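Right, one structure below, let's go through it.
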Amino acid sequence: MHVDLTPGHYTWGCHLRGERARQSADVTVHQPPVMTAAGPTTMIPVEPQQMVGADLSYQTYVSQQLNGLAGEITGLQSAIAGGDLARAEAAWLTAHLTWERLGAAYDAFGTLGTSIDGLAPGQAVGQTPGMPGGPNFEGFHRIELDLWGEQDLLQAAADTTQLAGNVAQLVEQFSIESIPPAELPLRAHEILEDSLRNELSGDDDYGSGTDMASVEADVTGTEVLLQLLAPLLKQRAPELVPRALVQLNRLDRALEATRQDGHWVAVAQVPLSEREQVNGAIGAALEILAIIPDVMPVVGSTL
């Protein structure tokens, strides 16, 4: 007997009069594979408990990075206190790239994350940062403006103290929070979406000209998530991770090619041909990464 079934979970039962009822084990019917940019893919829902291992590994990764970040901010404070502007700028970049490698995209760390790395209040997407200020502007980009835009070490010291307090609070908060099961599949592509929106547009450049370096750090954060999700993705989209890594490596090479005399430069100063290589590579990577939440929807998720 042939029966067409929609994807889902089924059991077969046999109920004969006078006999004990018999029932089969649960059987999962999957959707047929679909050809995508990531190769053949099949949507197979993920039970929340299947995400526990990836969630715990990611939580460990983020905790380690946050602790390292706290130490790097202490180094930034030391450089500022020593009155060495060049050393302070280098220390700022080291700490900021550590933050970027966390994959802090789309308010991943809530209001604290916005306080640590948000844009100036009132700045619209696509608007050149200019020279904003005000008491409500804080975090890495406020300090970036202090160092590169205003060369004001006294203000930078006060703003770095505030940043250190916010990071310390996030370290404590993150240690007791659990990651929603559906967050990692979403974040695997949201990191680079955020890069495309804020960094490759130059919207969050307040003078350092290091947006290309930030995108490179975002690539690292994306690769970490891909490796954590790889076991679950293998049965749903066996070619996705290898294809995504090829495009991420291509993006890395394109980013490195934008350096001038070994130094990062502002997005607007990168020649058009090199920017096109970066944009093409990140677009190809995003086309693949955007498939992840679709092929592994988490059961019961409201995200």
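Reported value for the range 7-115: 169 Å³ per residue, from the convex hull of its C-alpha atoms. The sum of -39500 (n - 2.57) across all DSSP H runs of n ≥ 4, divided by the residue count of the chain, sets its helix-only mean residue ellipticity at 222 nm to -17500 deg cm²/dmol. If you take the square roots of the eigenvalues of the alpha-carbon gyration tensor of the range 208-303 and sort them as a ≥ b ≥ c, do you get rounded (a/c under 1.5), prolate (a/b over b/c) or oblate? In terms of gyration-tensor shape, prolate.
Solvent-accessible area assigned to carbon and sulfur over the chain amounts to 53 percent, based on a 1.4 Å probe. Provide, for q = 0.15, 0.22 Å⁻¹, the log10 of I(q)/I(0) from a solvent-free Debye sum over equal Cα point scatterers in the range 142-214. So the normalised log intensities work out to -0.77, -1.03. Could you point to the label whose value was computed as P(r) over Cα pairs in 20 Å bins from 0, in percent for the structure here, given (i) 36, 60, 4; (ii) 35, 57, 7, 0; (iii) 30, 50, 15, 5, 0? After the calculation, the listed value that fits is (iii).
Could you work out the local net charge near Val298, counting Lys and Arg as +1, Asp and Glu as -1, over the other residues with Cβ closer than 10 Å to its Cβ? It works out to a net charge of -2. Note down the net charge around Pro181, summing +1 for each Lys or Arg and -1 for each Asp or Glu among other residues with Cβ under 10 Å from its Cβ. Summing Lys and Arg as +1 and Asp and Glu as -1 gives -3. Excluding ligands, DNA and RNA, the accessible surface per residue across the range 144-199 is 43 Å² with a 1.4 Å probe. Of the trypsin sites (Lys or Arg not before Pro) found in the range 227-298, the ones in coil according to DSSP and having at most 15 other Cβ atoms within 10 Å of their Cβ are Arg259. Computed packing ranks the peptides 147-153, 216-222 as 216-222, 147-153, most packed first, by mean other Cβ atoms within 10 Å. Note on Thr28 and Thr60: with the Förster distance fixed at 30 Å, the Cβ-Cβ geometry gives a FRET efficiency of about 0.45.
The values are calculated or read from the model by the stated rules, or taken from the named source; none is laboratory data. As the structure is a computational prediction, the values presented were derived from the model and not from experiment. Every residue, glycine as well, gets a Cβ built from its backbone with ideal geometry; the counts of neighbours run over all protein chains shown. Keep in mind that these areas ignore ligands, DNA and RNA; they rest on the heavy atoms of the full protein, side chains included. Shrake-Rupley method; radii C 1.70, N 1.55, O 1.52, S 1.80 Å.
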